Amino acid sequence: MSARAYLRCLLGILVREALRFLHQRERFFGALVRPLVWLFIFAAGFRSILGVSIIPPYETYILYEEYIVPGLVAMILLFSGMQSSLSMVYDREMGSMRLLMISPFPRWYLLFCKLIAGALVAILQVYLFLAIAWFWEVRPPPIGYLLALPALLLASLMLGALGLFLSSVIRQLENFAGIMNFVIFPMFFASSALYPLWRIRDSSLLLYEICRFNPFTWAVELIRFALYARVDWLSLAGVALALAVFLGAALLGYDPGRGMLKRRPGG
Amino acid sequence: MHHLRTALLGVCLLSPLGAHAYSVYVSSEKDNSITVVDGETLEVRQVVPVGQRPRGIALSKDGESLYVCTSDEDHIEVLDLKSLKVDHTLPSGPDPELLALGPQGRFLYVANEDDNMVTVVDVDKRTKVIEIQVGVEPEGMGVSPDGKWLVNTSETTNMAHFIDLSTHEVVGNVLVDQRPRVAQFTPDSRQVWVSSEIGGTVSVIDVAKREKVHVITFAIPGMRKELIQPVGIRITDDGSRAFIALGPAARVAVVDTKTFEVEKYLLVGQRVWNLAFAPDQSRMFTTNGVSNDMSVVDMERLKVLKSIPVGRLPWGVVVGP
């Protein structure tokens, strides 16, 4: 098949995802409310908790609001990644997934297109959130907004791939809620999104190690550094590695020959 | 590429930026040293050892030396800024803490915290000229730009003492809030601003009438009132804005000098103490005593650019060549 056909396939999936987003505007803005609540209410309560130490990429003291913005950005990507995989489970139950999967394009390509489409919608939400944060006096350097784009894309793909993999092992929608609780919350709280890791090390070394090897921490730090025009190579490598692993697992999961998607009782 | 680099170099050489390179000198009370920081690159250039407990510092009129109150040595050390070595000492009376240089650059006015005196030192003859009795625990020293007045504050008496520099006599006192620390004249010499550390206020005093015209108060959301302890004050050359260090509140207040309203609070390091402006007033430097660093503020955008470590217990800060 020609590259043109591939492009058309990507566009098709993008348009479908865009339509879904247009039809579910509540979901789009609902996804924005969550980080804004954290920023306006939670951060206000913890305002003076930081400012005792300067950690890279920051060069001076910052308010708590400024610290958690990259974490909240990553939270948008995490929820969005999980939600788009939720829609995969739904699609599968409704049969539209089958329709997609019988198209002549290779399966990995179709799944990758889904990921890209999900990522773009999530990134749109991120920039809207960053615009609101700007009025809340959280103002990274202007160039940071541009440099954050590749970091956002990579992190979003990684979290989307994780969702994709999870959706491949879930049979029914009901099970998904459990996975959300077992994946999203531990990932979010055991990360550097809400508090710098040195603070966690002060209370528990084990927890610190867990946080350090949490792919979500890498995503948060990658975005944090990029927003301040710097590259955190370790997090970059971590996110890339996690993307490869999750994507590989998702492809295996969606491979009918290997069977996670194979006909199962009730599936 | 090569052409571009040559062109850029040319621009750098021609631009006034290159010509106005300056240094920031920070006294470190606990390390007994003066840290020299490049004002443009913000890199620590050198750490110069001086006597015990250096606190107040001032630049000489010719900009070639730095007067350092080495409090526990009971004298003032004169640091030659070319060789960065202590060249000689000046008598100061016991426990010198803060000093101010007269506009002619000849007389140095020193507060002696322990014996309730202000000592006037002739820097050329290297002798004490006179000692003036003031209130208990003298601290802040401000000389009016027109050279007529010296205002000294006494921490325990809670007064600003007006000393006539032609007679060296105290001619008036103004009661201010608790524990006055710093006195700073406006560029037109018409007002003197006095910060009260415990009172948490800054009193604006009319020099001619010798009475308070306004008392500035501060409020930071989520910050306990006791933590707001104003100390260092600097007023821009055009007299439009005042910057006030708020100590443990870790903020510098930006105050409009016409309305006396706080425009903004800038987050800096812990226990921000003293302030200094760059020669072109584009940047401000703050000493942060507890976090052991110096914050650099962009004065146009009112944004803190960076905080850099400068030795333990940084106290005084001065900008010089």
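Observations, loosely collected:
- When B:Arg312, B:Arg301 are screened for being free of Cβ contacts under 8 Å to residues at least 12 places away in the same chain, assigned to a loop (DSSP other than H, G, I, E, B) and either surrounded by fewer than 21 Cβ atoms within 10 Å (Cβ to Cβ) or within 14 Å of another protein chain (Cβ to nearest Cβ) (or both), only B:Arg301 passes.
- Residues in segment B:64-74 that are within 19 Å of the chain's Cα centre (by Cα) and under 20 Å from B:Glu113 (Cα atoms) were compared, and the one that is modelled with the lowest pLDDT is B:Ser71.
The rows are residues; the columns are (1) out of contact with any strand residue (DSSP E or B) (no Cβ under 9 Å at 6 or more places or on another chain); (2) within 14 Å of another protein chain (Cβ to nearest Cβ); (3) without any contact (Cβ under 8 Å) to a residue 12 or more places away in the chain; (4) part of a helix (DSSP H, G or I).
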{"position": "A:Tyr67", "(1), (2), (3), (4)": "yes, yes, no, yes"}
{"position": "A:Leu77", "(1), (2), (3), (4)": "yes, no, no, yes"}
{"position": "A:Gln83", "(1), (2), (3), (4)": "yes, no, no, yes"}
{"position": "A:Tyr90", "(1), (2), (3), (4)": "yes, no, no, yes"}
{"position": "A:Leu99", "(1), (2), (3), (4)": "yes, no, yes, yes"}
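- For B:Ala245, the stated conditions do not hold, so it cannot be described as closer than 30 Å to B:Arg190 by Cα, touching a residue at least 60 places away in the same chain (Cβ under 8 Å) and touching a Ser or Thr at 6+ places or on another chain (Cβ under 9 Å).
- Test: residue in segment A:152-167 that is in contact with a helix residue (DSSP H, G or I) (Cβ under 7 Å, 6 or more places away or on another chain) and outside any helix (DSSP H, G or I): no
- Contact annotation: residue pairs with Cβ atoms under 9 Å, 6 or more positions apart or on different chains, pairing a residue in segment B:63-79 that is closer than 15 Å to B:Asn32 by Cβ with a partner that is surrounded by fewer than 21 Cβ atoms within 10 Å (Cβ to Cβ) and among the hydroxyl-bearing types (Ser, Thr, Tyr), are B:Leu66/B:Ser60; B:Thr70/B:Thr89; B:Glu73/B:Thr89; B:His75/B:Thr89; B:Ile76/B:Thr89; B:Glu77/B:Thr89.
- Scanning segment B:89-107 for residues that are crowded, with 16+ Cβ neighbours inside 10 Å and on the phi > 0 side of the Ramachandran plot yields a total of 2.
- For segment A:133-156, residues that are farther than 30 Å from A:Ala244 by Cα and without any contact (Cβ under 8 Å) to a residue 12 or more places away in the chain total 4.
- If you go through segment B:154-171 and pick out every residue that is in contact with an Asp or Glu (Cβ under 9 Å, 6 or more places away or on another chain) and at negative phi, you end up with 7.
- Subset tally (residues that are surrounded by 20 or more Cβ atoms within 10 Å (Cβ to Cβ) and either part of a loop (DSSP other than H, G, I, E, B) or within 11 Å of another protein chain (Cβ to nearest Cβ) (or both)) for segment B:275-291: 4
- Selection status of B:Val11, at pLDDT 95 or above and β-branched (Val, Ile, Thr): no
- Only one of the numbered conditions (1) more than 21 Å from B:Thr217 (Cβ to Cβ); (2) among the hydroxyl-bearing types (Ser, Thr, Tyr); (3) assigned to a strand (DSSP E or B) is violated by B:Thr157, and that is (3).
- Residue satisfying condition, being within 15 Å of B:Ala183 (Cα to Cα) and not aliphatic (A, V, I, L, M), within set B:Gly102, B:Gly93: B:Gly102
- Per the listing B:Thr167, B:Thr157, B:Thr127, B:Thr119, the residue uniquely among the hydroxyl-bearing types (Ser, Thr, Tyr) and over 24 Å from B:Ser71 (Cβ atoms) is B:Thr167.
- Any hit, segment A:38-57, residues being in a helix (DSSP H, G or I) and away from every other protein chain (no Cβ under 14 Å): yes
- Residue within segment A:19-34 that is within 14 Å of another protein chain (Cβ to nearest Cβ), closer than 28 Å to A:Arg230 by Cβ and not basic (Lys, Arg) present: no
- For B:Ser295, the requirement of being modelled with pLDDT of 95 or more and either within 11 Å of chain A (Cβ to nearest Cβ) or surrounded by fewer than 18 Cβ atoms within 10 Å (Cβ to Cβ) (or both) is met.
- Taken over segment A:112-148, the residue count meeting the criterion of being in a helix (DSSP H, G or I) and more than 13 Å from the chain's Cα centre (by Cα) is 19.
- Residues within segment B:129-174 that are aromatic (Phe, Trp, Tyr) and free of Cβ contacts under 8 Å to residues at least 24 places away in the same chain, tallied: 0
- Restricting segment B:207-221 to residues that are under 21 Å from A:Glu65 (Cβ atoms) and surrounded by 12 or more Cβ atoms within 10 Å (Cβ to Cβ), the residue that is farthest from the chain's Cα centre (by Cα): B:Ile220
- Which numbered condition B:Asp188 fails, given (1) assigned to a loop (DSSP other than H, G, I, E, B); (2) in contact with a strand residue (DSSP E or B) (Cβ under 6 Å, 6 or more places away or on another chain); (3) modelled with pLDDT of 95 or more: (2)
- Among the residues making up segment B:38-63, those that are under 18 Å from the mean Cα position of the chain (by Cα) and surrounded by 15 or more Cβ atoms within 10 Å (Cβ to Cβ) are B:Gly39, B:Arg53, B:Pro54, B:Arg55, B:Gly56, B:Ile57, B:Ala58, B:Leu59, B:Ser60.
- Residue match in segment B:23-36 (condition: among the polar types (S, T, N, Q) and either in a loop (DSSP other than H, G, I, E, B) or without any contact (Cβ under 8 Å) to a residue 24 or more places away in the chain (or both)): yes
- All positions within segment B:246-274 that are more than 14 Å from chain A (Cβ to nearest Cβ) and in contact with a Gly (Cβ under 8 Å, 6 or more places away or on another chain): B:Thr257, B:Trp273, B:Asn274
- Any hit, segment B:91-102, residues being more than 20 Å from the chain's Cα centre (by Cα) and under 20 Å from B:Val317 (Cβ atoms): no
- Counting the residues of segment B:85-116 that are part of a loop (DSSP other than H, G, I, E, B), out of contact with any Gly (no Cβ under 8 Å at 6 or more places or on another chain) and closer than 18 Å to B:Ser65 by Cβ gives 3.
The values are calculated or read from the model by the stated rules, or taken from the named source; none is laboratory data. Being a predicted model, the structure only gives us computed values, none of them experimental. Quick reminder, even Gly has a Cβ in these numbers, built from the backbone with ideal geometry, and neighbours come from all protein chains shown.
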